[in-house]
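Asker: Here it is, the structure, as structure tokens.
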């Protein structure tokens, strides 16, 4: 018997925004299929987090290895570890180096293919209003035109949903808190260290969202803006090895291959 529950694909990085989108789509009653992508980013910390969350929720999850295209998108500081990562708050002047060429178009195209393949009617992703100034593939006009293409590219039209397209990070957090979400189950930092750095644009935007709600971020940081003290890392036994493995697996095909069985649907 065919299930009457509608299906949806969620592009799930393991970060704060897509974590909230995942839970929002789940609450809307969709049978979810989460897709995460290894495109040769600096580390796999987010991917490991996504895998764990989906396993705990019983959501079908696949980490798709597309590192074969890394040479086509390696001009970004997020895909080229030899480049210095810019620090400070999000700004077009100091964070343009973090733009990965055509990333969301690539990921959405693959997610749309998965949606057609499994009979899903929607693809969710975590573009939000705070990204508009910097990332063209998070802007409303991009989502509108991708939706137009997704409606005609296959015999089965697929709708692209970006529920926080006109919302800021603090509004995403407010929605997640209203759902009772635990943001300790996310990773946002551009680095894949034991502790989040607290200094990159991604960390600073996240910390500012919690501050606007009068809350402390549950993640541990090596440095929080406005604090002169650096936290001493107190990892659990084996965490250094796990962090090192996460850093390797995003760029090392052999390291990733060792874990490939666990990175299929769960």
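The values are calculated or read from the model by the stated rules, or taken from the named source; none is laboratory data. None of these values were measured; they are calculated from a predicted model. Reconstructed Cβ throughout: ideal geometry from the backbone, glycine too, with neighbour counts over all protein chains shown.
Asker: May I ask you to list the residues in the stretch 169-190 that are surrounded by fewer than 19 Cβ atoms within 10 Å (Cβ to Cβ) and under 24 Å from residue 42 (Cα atoms)? Explain how you work it out, then say what you get.
Answerer: Here is the first cut: in the stretch 169-190, the residues surrounded by fewer than 19 Cβ atoms within 10 Å (Cβ to Cβ) are 170-171, 174-175, 177-182, 184-185.
Once the filter is applied, which keeps residues that are surrounded by fewer than 19 Cβ atoms within 10 Å (Cβ to Cβ) and under 24 Å from residue 42 (Cα atoms), the stretch 169-190 yields 184, 185.
Asker: Condition test on residue 23, is it at pLDDT 95 or above and out of contact with any strand residue (DSSP E or B) (no Cβ under 9 Å at 6 or more places or on another chain)? So that I can check it myself, show each step before the final result.
Answerer: Values: at pLDDT 95 or above: yes; out of contact with any strand residue (DSSP E or B) (no Cβ under 9 Å at 6 or more places or on another chain): yes.
Answer is yes for this residue.
Asker: Looking for something touching a residue at least 12 places away in the same chain (Cβ under 8 Å), surrounded by fewer than 18 Cβ atoms within 10 Å (Cβ to Cβ) and under 20 Å from residue 196 (Cβ atoms) - is there at least one such residue anywhere in the stretch 55-74?
Answerer: Scanning the stretch 55-74, I find no residue that is touching a residue at least 12 places away in the same chain (Cβ under 8 Å), surrounded by fewer than 18 Cβ atoms within 10 Å (Cβ to Cβ) and under 20 Å from residue 196 (Cβ atoms), so the answer is no.
Asker: Would you tally the residues in the stretch 84-96 being part of a loop (DSSP other than H, G, I, E, B) and either modelled with pLDDT of 90 or more or buried (at least 16 other Cβ atoms within 10 Å of the Cβ) (or both)? Walk me through it before giving the result.
Answerer: Going residue by residue through the stretch 84-96, those that are part of a loop (DSSP other than H, G, I, E, B) are 84-86, 88-91.
Next, only the ones that are either modelled with pLDDT of 90 or more or buried (at least 16 other Cβ atoms within 10 Å of the Cβ) (or both) stay: 85-86, 90.
The total comes to 3.
Asker: Where residues in the stretch 139-155 are surrounded by 13 or more Cβ atoms within 10 Å (Cβ to Cβ) and in a loop (DSSP other than H, G, I, E, B), which of them is nearest to the chain's Cα centre (by Cα)?
Answerer: 139
Asker: Can you find, within the stretch 192-201, the residue that is farthest from residue 135 (Cα to Cα) among those that are touching a helix residue (DSSP H, G or I) at 6+ places or on another chain (Cβ under 8 Å) and surrounded by fewer than 22 Cβ atoms within 10 Å (Cβ to Cβ)? Break it down into steps so the answer makes sense when it comes.
Answerer: Narrowing the stretch 192-201 to residues touching a helix residue (DSSP H, G or I) at 6+ places or on another chain (Cβ under 8 Å): 192-194, 196-198, 201.
Now narrow it down to the ones that are surrounded by fewer than 22 Cβ atoms within 10 Å (Cβ to Cβ): 193-194, 197, 201.
Values: 193: 25, 194: 28, 197: 22, 201: 13 Å.
By that ranking, first place goes to 194.
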